[in-house]
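Computed from the coordinates by the stated procedures, all read-outs in this text should not be read as laboratory data. These figures come from a predicted structure and were not determined experimentally. Positions of Cβ are backbone-derived with ideal geometry, glycine not excepted, and every protein chain shown enters the neighbour counts.
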Amino acid sequence: MTCPESSWAEVQGRWWSTDVLRILAVLSVPLAWWYAGVASGGCLFLVLGGVTLLRFLVLPRLVDALCQLTFLAAAWAAVTGLYQNFSWLDIPAHALATAAAVLIAWRLVMLRDPAHRVRPDRSGAPAESAPPAAHGPRDGAVRPPLPWWSLLWHLLALSALLSVLWEFGEWAGFVFISEEIGVGYHDTIGDLAAGTLGGGLLALPLALGLEREAASHAGADE
């Protein structure tokens, strides 16, 4: 059986359908810089880093696409001033973007578990999530998935941490880059609440799917 490292290298050498969104992220960096200045270009550069990391983590194609679209939509809403014109957009944007970031963080945390590592399909692209029966463990060696309530606590903790780090970044951007970046007590508290609660709850269904699939793979490489 192919070892995890060679499987990962094989996957990275192939074209994915979701790479179209990554190309869009690359083109978005200079376009945002030209359209709205250096702060906007920097925002899309962070998005480019996120979508590149998603490729290295090899999530299922649907999850990969949803995370990329979320990052791109949230960033371009900031670049085009949608948050100023429609202030209510800030709350769902923080919830959705934090959920996508939490999935990345959770995948990074769980990479220590061999069951969470790469299993490409025959084309070498990241496989869609498969039902447990398709990858049944051998000899009954099953690692039970984390219960939903335990996984939720982990996701909420990651959501809170990432939300705080994002607010640090917004403050630094306001002080050192551009005063057009919106900060303030009400904005910060609202963003922290939306990011922590919304991010954790929205990430839960997808994280549960990844965890159950990984549990079904436990023992398959032994």
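Brief remarks follow.
- Neighbourhood net charge (15 Å Cβ-Cβ; Lys/Arg +1, Asp/Glu -1) for VAL51: +2
- Diffusion of the stretch 1-114 by Stokes-Einstein, at 25 °C in a medium of 0.890 mPa s and with Rh set to the Kirkwood radius over alpha-carbon pairs, works out to 162 µm²/s.
- What the Cβ-Cβ distance of TRP153 and LEU69 gives, at R0 = 30 Å and to the nearest 0.05, is a FRET efficiency of 0.65.
- Relative to the current alpha-carbon distance between ILE177 and THR80, full extension at 0.36 nm per residue lengthens the span by 33.1 nm.
- Extension gain (nm, one decimal) between TRP34 and GLU10, 0.36 nm per residue minus Cα-Cα: 5.0 nm
- Derived scalar couplings ³J(HN,Hα) [the stretch 155-172; Karplus, 6.51 cos²θ - 1.76 cosθ + 1.60; whole Hz; x for Gly, Pro]: 5, 5, 5, 5, 4, 4, 4, 5, 5, 5, 4, 5, 5, 4, x, 4, 5, 4
- Summing +1 for each Lys or Arg and -1 for each Asp or Glu among the other residues whose beta-carbon sits under 15 angstrom from that of ALA95 gives -4.
- Taking max minus min of the alpha-carbon positions on each principal axis, the stretch 147-204 gives extents of 44, 17, 14 Å, largest first.
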